[in-house]
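The values are calculated or read from the model by the stated rules, or taken from the named source; none is laboratory data. Being a predicted model, the structure only gives us computed values, none of them experimental. Here the Cβ positions follow ideal geometry from the backbone for every residue, glycine too, while neighbour counts run over all protein chains shown. These accessible areas exclude ligands, DNA and RNA; they are computed on the full protein's heavy atoms, side chains included. Shrake-Rupley method; radii C 1.70, N 1.55, O 1.52, S 1.80 Å.
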Amino acid sequence: MLKVVGASYGRTGTTSVRLALETLGLGPCHYMRELFTSPAHAEEWLRVAEGGEPDWKRLLDGFASTIAWPAACYWRELAAAFPEAKVLLIVRDPASWYASMRRTLYRTRPAEAGPGTSVRDQVIEKIVWQGTFSGRFEDRDHAIGVYLAHLDEVRKAVPSGRLVEFEPSRGWEPLCAALGVDVPDVPFPTANTTDEYLRRAEQAGVLPPR
């Protein structure tokens, strides 16, 4: 049963916060990697992305939290399906966020998303690039406008007692206080920086070496 619904866009520190949630006992945490590790799971997300009626409790069975895409695109539905869950909104400077997105996720996006594209990439294309950004992510002002509008929408829709707005640079204390859990005696995680992402993409042959 979900205890935390992630409403945050990718490249806002979601990997670090995912590790933090799992450290706090709020895992497993669902994130985009699930599309890569389970073809059946990716197929189900594709059905949702194409307008199919989701069974959220079945789709997210076994997860205690979600973070980033694809689930973040359905934060309203998930908040309704799991009314006891907190809604987590991670914030990042818009210009820094866009620069990171452009250098990482958008750069490794398949050139074309056609019939031969993997299911996971079809999900990401439909939900993120076409759904969230209307195929206009390269328009910096448009993309940042979408990001800022999303932050405002979540803040207005979620009651203050349920919304957990968080900046990873602030560390454990505000996150743990909002979630009602003890502060662990370990450093707050830092993971998946832009350089780390690019290095993995180069090693996987997705990007040429710098």
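Look at the stretch 156-210 and say how many of its residues are touching a helix residue (DSSP H, G or I) at 6+ places or on another chain (Cβ under 6 Å) and touching a residue at least 60 places away in the same chain (Cβ under 8 Å). Before the answer, list the steps.
Pass one, the stretch 156-210, residues touching a helix residue (DSSP H, G or I) at 6+ places or on another chain (Cβ under 6 Å): 164, 166, 168, 183-184, 188-192, 194, 207, 209.
Then drop every residue that is not touching a residue at least 60 places away in the same chain (Cβ under 8 Å), which leaves 164, 166, 168, 184, 188-192, 194, 207.
Qualifying residue count for the region: 11.
Could you grab me the full set of residues in the stretch 107-155 that are touching a residue at least 60 places away in the same chain (Cβ under 8 Å), more than 15 Å from the chain's Cα centre (by Cα) and within 16 Å of Arg11 (Cβ to Cβ)? Result: Arg107, Thr108.
Just one of the listed residues (Ser118, Ser100) is modelled with pLDDT of 95 or more and of a type in the set (Gly, Ala, Ser), and it is Ser100. If you take the residues of the stretch 53-106 that are of a type in the set (Ser, Thr, Tyr) and not in a loop (DSSP other than H, G, I, E, B), which of them is surrounded by the most Cβ atoms within 10 Å (Cβ to Cβ)? Among those residues, the one meeting the criterion is Thr66. Of the residues examined, Val17 is not one that is in a strand (DSSP E or B) and at pLDDT 95 or above. In the stretch 20-45, what residues are open to solvent by 30 Å² or more (accessible area, probe 1.4 Å), part of a helix (DSSP H, G or I) and out of contact with any helix residue (DSSP H, G or I) (no Cβ under 8 Å at 6 or more places or on another chain)? Correct list: Glu22, Thr23, Thr37, Ala40. Is one or more of the residues making up the stretch 36-50 more than 20 Å from Leu151 (Cβ to Cβ), within 16 Å of the chain's Cα centre (by Cα) and of a type in the set (Gly, Ala, Ser)? Yes - at least one qualifying residue is present in the stretch 36-50. The residue pairs whose first member lies in the stretch 21-42 and is closer than 19 Å to Ala7 by Cβ, whose second member is of a type in the set (Val, Ile, Thr) and open to solvent by 30 Å² or more (accessible area, probe 1.4 Å), and whose beta carbons are closer than 7 Å, counting only pairs six or more residues apart or on different chains, are Leu24/Val181. With respect to Phe137, is the statement that it is among the hydrophobic types (A, V, I, L, M, F, W, C), at pLDDT 95 or above, within 24 Å of Gly51 (Cα to Cα) and touching a helix residue (DSSP H, G or I) at 6+ places or on another chain (Cβ under 8 Å) true? Yes; evaluated as a whole, the condition is true for this residue.
Residue-by-condition table, conditions (1) in contact with a Leu (Cβ under 7 Å, 6 or more places away or on another chain); (2) among the acidic types (Asp, Glu); (3) over 27 Å from Thr23 (Cα atoms):
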| residue | (1), (2), (3) |
| --- | --- |
| Glu153 | no, yes, yes |
| Arg162 | no, no, no |
| Phe188 | no, no, no |
| Ala191 | yes, no, no |
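The number of residues in the stretch 169-199 that are out of contact with any strand residue (DSSP E or B) (no Cβ under 9 Å at 6 or more places or on another chain) and surrounded by 13 or more Cβ atoms within 10 Å (Cβ to Cβ) comes to 17. Does Ser96 meet the test of being touching a residue at least 60 places away in the same chain (Cβ under 8 Å) and over 22 Å from Val48 (Cβ atoms)? No, not satisfied.
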